[in-house]
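The values are calculated or read from the model by the stated rules, or taken from the named source; none is laboratory data. This one's a predicted model, so the numbers in the text were calculated from it and none came from an experiment. So basically every Cβ, Gly included, is an ideal-geometry build from the backbone, and we count neighbours across all protein chains shown. Areas reflect the complete protein model, heavy atoms only, side chains present, ligands, DNA and RNA absent. Shrake-Rupley method; radii C 1.70, N 1.55, O 1.52, S 1.80 Å.
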Amino acid sequence: MFKKILVANRGEIALRVIRAAREMGIQSVAVHSTADSDAMHVRMADESVCIGPPASAQSYLSVPAIIAACEITGAEAIHPGYGFLSENAQFVQVIEDHGLTFIGPTAEHIRIMGDKITAKDTMKKLGVPCVPGSEGGVATLEEAKALGDEIGYPVIIKATAGGGGKGMKVAQNAAEMAKAFQTARAEGKSNFGNDEVYIEKYLTTPRHIEIQVFGDGKGKAVHLGERDCSLQRRHQKVFEEAPGPSITAEERARIGKTCADAMADINYIGAGTIEFLYENGEFYFIEMNTRLQVEHPVTEAIFGVDLVREQIRVAEGLPMSFDQDALTINGHAIEVRINAEKLPSFSPCPGKITQYHTPGGLGVRMDSALYDGYKIPPYYDSLIGKLIVHGRDRPEALARLGRALGELIVDGVDTTVPLFHALLAEEAVQRGDYNIHWLEHWLETNLGDA
Ligand code: ADP
């Protein structure tokens, strides 16, 4: 059993990991930048180490500083949370070279899935259905145009190293191809240091459906159903739910088994998410995330499992504490991402929290690192909290979400809470009847968001 683990992250996800560790009797070490000295994760952990100045590149992304923090405190394992170094194969390699344990998959799994072309190729070979598109990378504009004609417009040009909605451009027709191709390449180069791109058919009415998988690293893997994350702004999720309102038990069992079998095949270890677009009853793989997702709590709610605890267990070499047969769905859960942002522009709105009150009651979970008087620093992601509700069915979960949002008080900064109040009043949201483009259109009509 680990005695002490280090959490290489900040904010709500650092708290999430510290909480799981404490329940398991494991000591936790927080790391923080100088801008985060007063942050809640520092207060809540058993120990903390300052690892650098505010800029992430010199603190939360500094591998030497994080390894040194392990050595100073005697932490045996590192949980990366999401974002920052969570999908960095080199980081995992360095951890292993220092005789420490990474709480997550192997460097090799991260390498395969981190490059989207390799990931797609691997998944295809493992029998997972993919979006029609180029076989591998597309090097020249001529090749891209030929492919556009072959697949049929619209198409999407994607950076193989892309993530977080960056490095993706849509071409509606041949005339738009040159600009889209060059922009996707340039974004790949400037954001991820890699200008390789590939091309996919652009689906016009899909839902975003992702399958939660979990492996023990020894050839056993299970799935924990799907999450529907179709309400997106600029390719980023804002509202997630499980189970997916459009997915039948038969579809869940079938795609879930395909994913679990693929993970068993590659001896996957820990938590992972296989993302699909779903249109007209068909699933199309788009990418795999080899880490815990922001929206994992909705899955925890309906299956009654602690995914972080499981991650720590399998990293120690212990067996998973559930089998596929033991995983049954109970009710419906919804998460909304609350950002410190000013509407309608969604521009970041850091500042001092003058009053904070969290909602409570049956079926309500608030994952947040806020507190009264906390100053949200301007250097990091604007996510300040996740409100998760669980009900016996979808209507009950929606009613509970409205009730809980009404109880939440975050004063001092602007937040995206008003967006969720407005969305809950929409019939399409009440019916669960939307695709990945719905929210963008709604924002244009209702908020004048560009
Ligand atoms: P990232 O790694 O940046 O999150 P993804 O490949 O996961 O990129 O895609 C993110 C989102 O972009 C999807 O949820 C979907 O909204 C949109 N998207 C990606 N591929 C396609 C496609 N082929 N057709 C339509 N929309 C797409």
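Values computed for the structure shown
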| read-out | value |
| --- | --- |
| Dipole magnitude of segment 87-136, debye to nearest 20 (Cβ charges: Lys/Arg +1, Asp/Glu -1, about Cα centre) | 260 |
| Highest average packing first - 16-29, 209-222, 131-144, 182-195, Cβ atoms within 10 Å | 209-222, 16-29, 182-195, 131-144 |
| For peptides 87-97, 320-330, 72-82, sequence by mean Cβ density within 10 Å, most packed first | 72-82, 87-97, 320-330 |
| Cα→Cβ-extended label distance, 7 Å offset, between residue 150 and residue 182, nm | 2.4 |
| Quarter of the Cα convex hull surface for segment 148-283, i.e. its orientation-mean projected area (nm²) | 9.2 |
| Principal axis dimensions, segment 25-176 - Cα atoms, whole angstrom, descending | 59, 33, 25 |
| Length-normalised contact order for segment 362-420 - Cα pairs under 8 Å, 6+ apart - percent | 33 |
| Kirkwood hydrodynamic radius over Cα pairs of the chain, then Stokes diffusion coefficient at 4 °C and 1.567 mPa s, in µm²/s | 57 |
| 5 angstrom amide H check on residue 160, placed H, neighbours 5+ away | 196, 197, 198 |
| Geometric extent, Cα atoms of segment 269-370 - Rg, Dmax (angstrom) | 17.6, 48 |
| When each of 125/145; 124/179; 124/342; 116/342 is checked by Cα-Cα distance, pairs over 31 Å | 124/342; 116/342 |
| Cβ-defined net charge surrounding residue 320, 9 Å radius [Lys, Arg +1; Asp, Glu -1] | -1 |
| Accessible-area composition of the chain, carbon plus sulfur, in percent [1.4 Å probe] | 50 |
| Value of [θ]222 nm, deg cm²/dmol, for the chain, DSSP H segments ≥ 4, -39500 (n - 2.57) each, nearest 500 | -10500 deg cm²/dmol |
| Average accessible surface area per residue within segment 327-390, 1.4 Å rolling probe, Å² | 43 |
| From phi via Karplus (6.51, -1.76, 1.60), per-residue ³J(HN,Hα) for segment 7-13 in Hz, x at Gly/Pro | 9, 8, 6, 9, x, 4, 6 |
